[in-house]
Amino acid sequence: MLDFRETVQARITGNQYIYNLGVAVLIILVLVVYWPVRNYDFISYDDKLYASENAHVISGFKCENVIWAFTNMETGHWHPLTWLSHMLDNEIFKNNAGGHHWTNLILHLINSLLLLSLLNYLGAYQWKSLLVTALFALHPLNVDSVAWISERKNLLSTALGMLTIFSYSYYLRNFSIYSFIMTLLLYALGLLAKPILVVLPVVMLLLDFWPLNRFRNAGEPSMMVRRIFTLLIEKIPFFILSFLSVVMTITAAKHVGTLASVSSVPLLLRLNNILVSYVVYLRKTFWPLDLSFFYPFPETIALPLLLFSFMFLVVTTFFVVWRGLHYPFLPVGWFFYIINLLPVIGILQVGIQGMADRYAYLPLIGIFIMVVWGVPILLQKLPHRCFVMIISAIIVLGILSFWTCKQVRYWKNSETLYRHALSLSPDNYLAHDLLGKELMKQGNLAGAEHHFQAAIKYAPSFPPPYGHLGLVLDDLGKKDEAMKFFIMNLRLDPADAQIWYRLGKIYFRKGFYPEAERCFREAYHRWPGNTEVNNILALSLAGQGRYEDAIQIYRHELQSRSDQAGLWNNLAMLQLKLGKNQEAAKNFQKAIHLQPDYANAHFYLAVALTRLHQLDEARRHKLYAVKINPDFKKIKGEKMISGNIIELFSGS
């Protein structure tokens, strides 16, 4: 039943020992090439969201976290199985990035062995299977998927996709309902890992043509149509799962605003980029020397490049279809590549990238099959063909291993990765922005400012660099300049809570309390549960004399954060200002109970107790406050309380 132009009986197994040795060498080579990742860091781009700083992931397997995995869409994707995988990593490795990297490497190795086993199971000649697997395992274009912790979803979905095809092939041998259900279950799990597998039912139809040969002996065109219709009916359950996954994916992308509109990315430009991207992926397959973690979406595409891409795709498609009956690996390999790229090629533009190396992880298997099956046919009249092909394969795999090894090292840490991207493309605005954030974290504000300015220069409509530049200027004390860039950021992206917060703080320091209040309310709306934002919002209300409104905010916060000494202290300060001395004294005491060395709470508790005529107790707390912080010796409590309300919090 299964035929790759060589039946199972006609396989040239040769020396099985040498073949097994080849498999062992491949496994060792993969481990050697990717071995450095065990000491690599988390990457600031997405790894924080997926692993290192995600509270749900970090806290591991809990009932509420499992529910969250199936209901949240904060990344613009719906992939609960991927979330559960990251949670498992945190249960085992905690915040040790090397452990998370190690899981990715093991999954890549499993995918490679699954591919080898699947090709052999489908009846391929063992050495061809091994060569396809080696190209897949060692190609530099796949480094993104392995060395980037956030791309766990790619590795998981590929593993489950291959298992689905495995199960499907097994089902065709016995037509058992249990095998069919298992195939459907594996497919559902694959979609839960990453929705890129939505096209797998179409890929199954390709495999029905070759190597499964389910179109064989179809006879008349009417019989062929009936056969195709039967095969489509068989796959309806899979198409239903695909449809549901597409709906969830679009919903998730709309939820976080990553689904680009036609106005932001015109349809014609998308179609042009799709044509070019298909060809560029192929170029990178055969010449993988300029690989980056991010490729900006092009603003324009040169007409000669567009025409060449169009003609190349048309001619190649025509050729593989024309030669398909004699060499079925050509159309199957080609359309395997084309179809598996469809979900991420940009028809529905999700994100700001023009293309991404990681998207080619599964599709390139089709190209590798075309090459490995096609080259022997091209060289069939060459003298000493077998020797030439063996030497050529060794040289190609050696070169790929070298470049993969080199590419892996760029993923050592965030700064190394971003600097490499900029060495390839100085106008890579995202790399400039991310590198600026890294330098800002290191305290190199001048370097950070330079890269944020560059990001703005190359992408004036990209919001984050404006806000990040504002943060640098704010830290440098250039408040007015910082405000200008904060406002520009918010015009482009009103949803940035941190920028609303930092802009509000500048207004607050300048005494513009109504403006500060608006900023803090915007920040809290997008950053619910943030105590710091709510605290300073209450202070901005107090600055306007709206003490009762401020008190209500503190009371609301304390319902869920009664362990925060600062909140009890600030509530008490406002009550002290309003002359509610008894309530103030009780709340100062709660703050001191939570934080015994809280100087501000001791000092103003002394003021409240003085008003309540508990002079000995007041004297004791005042002396203790001065002992903790000698600056309180200079403060006249009653004078402070009768002055500017904001000054009440100077020592808190």
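The values are calculated or read from the model by the stated rules, or taken from the named source; none is laboratory data. Worth saying up front: this structure is predicted, and the values here are computed from it rather than measured. We place every Cβ from the backbone using ideal geometry, glycine too, and count neighbours over all the protein chains shown. We work out accessible area using only protein heavy atoms, side chains counted, and drop any ligands, DNA or RNA first. Shrake-Rupley method; radii C 1.70, N 1.55, O 1.52, S 1.80 Å.
Just to be sure, is His86 modelled with pLDDT of 95 or more and not small (Gly, Ala, Ser)? Spelling it out, His86 is indeed modelled with pLDDT of 95 or more and not small (Gly, Ala, Ser). Of all residues in the stretch 516-536, those that are without any contact (Cβ under 8 Å) to a residue 24 or more places away in the chain and of a type in the set (S, T, N, Q) have Cβ atoms under 6 Å from Cβ atoms of residues that are part of a helix (DSSP H, G or I) and open to solvent by less than 10 Å² (accessible area, probe 1.4 Å), 6 or more apart or on another chain, in Asn534/Glu557. Considering only the stretch 35-91, state which residues are touching a residue at least 24 places away in the same chain (Cβ under 8 Å), open to solvent by less than 40 Å² (accessible area, probe 1.4 Å), assigned to a loop (DSSP other than H, G, I, E, B) and on the phi < 0 side of the Ramachandran plot. Within the stretch 35-91, Tyr40, Phe42, Ile43, Ser44, Asn54, Met73, Thr75, His79 meet the criteria. Among the numbered conditions (1) under 21 Å from Pro331 (Cβ atoms); (2) open to solvent by 70 Å² or more (accessible area, probe 1.4 Å); (3) in a helix (DSSP H, G or I); (4) not hydrophobic (A, V, I, L, M, F, W, C), the only one that Lys254 does not meet is (1). Selection of first residues in the stretch 202-217 that are within 11 Å of Tyr168 (Cα to Cα) and of second residues that are open to solvent by 30 Å² or more (accessible area, probe 1.4 Å) and part of a loop (DSSP other than H, G, I, E, B), restricted to Cβ pairs under 8 Å at least 6 apart or on distinct chains, gives the following pairs, ordered by first then second residue: Asp208/Arg214; Asp208/Phe215; Leu212/Met1. Restricting attention to the stretch 473-488, does a residue exist that is surrounded by 16 or more Cβ atoms within 10 Å (Cβ to Cβ), closer than 17 Å to Pro426 by Cα and not acidic (Asp, Glu)? Checked the stretch 473-488: no residue is surrounded by 16 or more Cβ atoms within 10 Å (Cβ to Cβ), closer than 17 Å to Pro426 by Cα and not acidic (Asp, Glu).
Residues that are among the β-branched types (Val, Ile, Thr) and either under 22 Å from Ser540 (Cα atoms) or at pLDDT below 90 (or both) do not occur anywhere in the stretch 581-599.
Close contacts from the stretch 364-376, counting a first residue that is open to solvent by less than 10 Å² (accessible area, probe 1.4 Å) and a second that is not in a helix (DSSP H, G or I), with Cβ to Cβ under 7 Å and a gap of 6+ residues or different chains, come to Leu364/His139.
A quick yes/no check of all residues on (1) open to solvent by 60 Å² or more (accessible area, probe 1.4 Å); (2) touching a strand residue (DSSP E or B) at 6+ places or on another chain (Cβ under 8 Å); (3) part of a helix (DSSP H, G or I); (4) within 23 Å of Ala550 (Cα to Cα):
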{"site": "Leu576", "(1), (2), (3), (4)": "no, no, yes, yes"}
{"site": "Gly579", "(1), (2), (3), (4)": "no, no, no, yes"}
{"site": "Tyr604", "(1), (2), (3), (4)": "no, no, yes, yes"}
{"site": "Arg619", "(1), (2), (3), (4)": "yes, no, yes, no"}
{"site": "Lys622", "(1), (2), (3), (4)": "yes, no, yes, no"}
{"site": "Asp631", "(1), (2), (3), (4)": "yes, no, yes, no"}
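Within the stretch 283-296, restricting attention to residues that are crowded, with 18+ Cβ neighbours inside 10 Å and hydrophobic (A, V, I, L, M, F, W, C), the residue that is nearest to Gly354 (Cα to Cα) is Phe294.
Number of residues in the stretch 556-599 that are among the aromatic types (Phe, Trp, Tyr) and farther than 24 Å from Pro630 by Cα: the value is 0.
Within the stretch 443-470, residues that are open to solvent by less than 40 Å² (accessible area, probe 1.4 Å) sit with their Cβ atoms under 6 Å from residues that are among the polar types (S, T, N, Q), at 6+ positions apart or across chains, in these pairs: Pro463/Asn489; Tyr466/Asn489; Gly467/Asn489. Quick one: count up the residues across the stretch 540-573 that are among the aliphatic types (A, V, I, L, M), touching a residue at least 40 places away in the same chain (Cβ under 8 Å) and within 23 Å of Asp597 (Cα to Cα). Summing the residues that are among the aliphatic types (A, V, I, L, M), touching a residue at least 40 places away in the same chain (Cβ under 8 Å) and within 23 Å of Asp597 (Cα to Cα) in the stretch 540-573 gives 1. Within the stretch 423-441, being in a helix (DSSP H, G or I) and either in contact with a Pro (Cβ under 6 Å, 6 or more places away or on another chain) or surrounded by fewer than 19 Cβ atoms within 10 Å (Cβ to Cβ) (or both) holds for Ser423, Leu424, Asp433, Lys441.
Quickly run through the stretch 263-319 and pick out the residues that are outside any helix (DSSP H, G or I) and in contact with a strand residue (DSSP E or B) (Cβ under 9 Å, 6 or more places away or on another chain). Full working, then the answer.
Residues of the stretch 263-319 that are outside any helix (DSSP H, G or I), as a first pass: 263-266, 287-302.
If the condition is that a residue be outside any helix (DSSP H, G or I) and in contact with a strand residue (DSSP E or B) (Cβ under 9 Å, 6 or more places away or on another chain), then Phe294, Tyr295, Pro296, Phe297, Pro298 are the ones that fit.
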